[in-house]
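The values are calculated or read from the model by the stated rules, or taken from the named source; none is laboratory data. None of these values were measured; they are calculated from a predicted model. Glycine gets a Cβ as well: all are built from the backbone with ideal geometry, and neighbour counts include every protein chain shown. Please note that ligands, DNA and RNA were not included when accessible areas were found on the heavy atoms of the full protein model with its side chains. Shrake-Rupley method; radii C 1.70, N 1.55, O 1.52, S 1.80 Å.
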Amino acid sequence: QVQLVESGGGLVQPGGSLRLSCAASGSIFSIQDMAWYRQAPGKQRELVARITSGSSTNYADSVKGRFTISRDNAKITAYLQMNSLKPEDTAVYYCNAYIVARGNIGYVNNYWGQGTQVTVSS
């Protein structure tokens, strides 16, 4: 079974930095787009950043210039480097990916990680 597992969340002061990781595992044939979403209490889930298989990226306006998404295809892992963190960045951050599993060639499935909490507070 294909899984996505996030790590790297925690408590950080405003202006600080965190690096989130999203590791994929299982019988994977290929990975297409990978993305980070976040959801704050009482808020809708929103797209934070996306990276394609060709490494093109896009970001939410609220994080442009502060966050950087990247991927390591050999490790089947995506990262989110978060700098200059603000209290409004506080949320549960979720990894999302489109993956073709071995044994299911020709079908693209969407997967979600379990989420990791990021809290920005002094």
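Does the stretch 69-122 hold any residues that are part of a loop (DSSP other than H, G, I, E, B), of a type in the set (D, E, K, R) and modelled with pLDDT of 95 or more, and which are they?
As a first pass, look at the stretch 69-122 and keep what is part of a loop (DSSP other than H, G, I, E, B): 73-76, 83-86, 90, 102-108, 113-115, 121-122.
Then keep just the ones that are of a type in the set (D, E, K, R); that gives 75, 86, 102.
The answer is Lys86, and nothing else.
Each residue in the stretch 99-113 was checked for being touching a residue at least 12 places away in the same chain (Cβ under 8 Å), open to solvent by 90 Å² or more (accessible area, probe 1.4 Å) and over 16 Å from Arg38 (Cα atoms), and 2 pass. Which of the residues spanning the stretch 29-56 are open to solvent by less than 70 Å² (accessible area, probe 1.4 Å), in a strand (DSSP E or B) and either at pLDDT below 95 or of a type in the set (S, T, N, Q) (or both)? Result: Ser30, Ile31, Gln39. Scanning the stretch 72-98 for residues that are open to solvent by 40 Å² or more (accessible area, probe 1.4 Å) and either among the small types (Gly, Ala, Ser) or closer than 24 Å to Ser56 by Cα (or both) gives Asp72, Asn73, Ala74, Lys75, Ile76, Gln81, Asn83, Ser84, Tyr94, Tyr98. Looking only at the stretch 22-72, residues that are basic (Lys, Arg) and under 14 Å from the mean Cα position of the chain (by Cα) come to 4 in all. The residues of the stretch 1-24 that are open to solvent by 50 Å² or more (accessible area, probe 1.4 Å) and assigned to a strand (DSSP E or B), listed by number, are Gln3, Val5, Ser7, Leu11, Arg19.
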